[in-house]
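Below: the structure, in structure tokens.
Each value in this text was obtained by applying a stated rule to the coordinates, not by laboratory testing. Just so you know, these numbers come straight off a predicted model, no measurement behind them. Here the Cβ is made from the backbone with ideal geometry for all residues, glycine too, and neighbour counts use every protein chain on show.
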């Protein structure tokens, strides 16, 4: 998820107020962070904490919302959990979700910029 945002380990460590070495150990799996640190990482990445949690059977859980349950039903209405997804697929799904989210942010920014430019055009025409 860090790489999908084009953040270096140094940038991520800085956002978490950690040493680069300490953060790198988490990424390499050499250090298992406690829940508060995972929550901090989830907040920095702007994802639900459940995205970062992996149980001992390597079942990956990606939560589409904070109110979804942990049942094994993948098809229930409104439940966007993906259970049993391999890590590379889960990462790609997360990356695509972030891309869509980023696209929406860019579109909103561009709409605001267009409005500002239209106001400038109106003001310039009134001066002439």
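The table below gives the values:
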read-out: Förster radius 41 Å - calculated FRET efficiency between residue 120 and residue 21, Cβ distance, rounded to 0.05; value: 0.25
read-out: Packing rank of 20-29, 105-114, where each peptide gets the mean count of other beta carbons within 10 Å, highest leading; value: 20-29, 105-114
read-out: Difference of contour (0.36 nm per residue) and Cα-Cα distance, residue 39 to residue 113; value: 23.2 nm
read-out: Spin-label pair residue 93/residue 3, simplified geometry with 7 Å Cα→Cβ offset, distance in nm; value: 1.9 nm
read-out: Förster-model FRET efficiency, 30 Å R0, residue 104 and residue 128, C-beta, rounded to 0.05; value: 0.20
